[in-house]
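Nothing in this text is a laboratory measurement; each read-out follows from the coordinates by a stated rule. In this text, all values refer to a predicted model and were calculated from it rather than measured experimentally. Here Cβ is always computed from backbone atoms with ideal geometry, including for glycine, and neighbour counts include all displayed protein chains.
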Amino acid sequence: MLPWNYGFEWNTGHVVFLGAFYTVLVIVATTVVNAIWRSRRALRQHTLDELRWSSDFHELSAADRACRHVITGELRSRECPNAFDCRKCETHARLTANQAPPFAADEEEIFGMAFPLDRFYHRGHTWVRREPDGTVTIGLDELGRRLIGAPDALQLPAPGTHLSVNGAAFRLKKRDADVRVLSPLDGEVIETGTGEWLLRLRPDRLDEQAFRHLLCGSEVRPWLMRELERLQLALTAEAAMASLADGGVPVTDIAAGYPEMNWDAVCGEMFLEP
């Protein structure tokens, strides 16, 4: 019986029952409100990320907006019309429809830099590796690591944060550069690290479509060769040009090798943040 029912009398049992009833009611209501608030916040952040990336993408040079199939030599010229989001590209779907899976679990070595082919690569220099438990780990690729060297500061998102493709995944500081590293996937951060990988993510989706915009397998070498050419252009000092153009191996900490360089501009170019 409830207090508004005729004949109700208060006793210890009623107090206990009603206390438990209203406690559960408050917990359910709080959970629903929190879920709605978090969903609206994630949607708002996703929209902001999309707007910022769209603006940044169109500020890139025409050459830097090249379609991945131009980089691999399949097409002579084409600017990406989808801001590097191949998941909604009909041309990419057509060109890859009859291709075999493009990578195996081995490794490319490019100018002394290791690029394992058991993972996917984002054009902003992060990698994504699928883990047996359905999560993915994310880290900087080898060229990205050598560009930053030992960062002066590392700002990782808190567990529970939802990331959007091409939105901010984490931030790095190196000398005068404050680098916003782009997220390669949509998903929720469940753990952060400081070793080989920096983020463990629970992706929104795990099907093939979710990874379609990322590079892998035979695409990795031509892409990295092009990235080294872009780095040559960003490093305008003659010493830098010679060390890279002659086939030399980029040093472990490229920033430390060029103390007078405008490192904010170099990192902005390479991490797709004009």
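In this entry, segment 152-198 is assigned a mean projected area of 3.3 nm², taken as a quarter of its C-alpha convex hull surface. Compared with the direct C-alpha span, the chain from Asn262 to Leu75 gains 63.9 nm at full extension, assuming 0.36 nm per residue. Dividing the alpha-carbon radius of gyration of segment 119-274 by the rule-of-thumb value 2.2 N^0.38 Å gives 1.05. Shown here for segment 65-167: chymotrypsin sites (Phe, Trp or Tyr not before Pro) in loop regions (DSSP other than H, G, I, E, B) with at most 16 other Cβ atoms within 10 Å, namely Phe111. Between Thr252 and Ile27, the distance separating the two model label sites (each 7 Å from Cα on the Cα→Cβ line) works out to 5.2 nm.
Taking 0.36 nm per residue of sequence separation and removing the Cα-Cα distance, the Ala150/Asp133 pair yields an extension gain of 3.1 nm.
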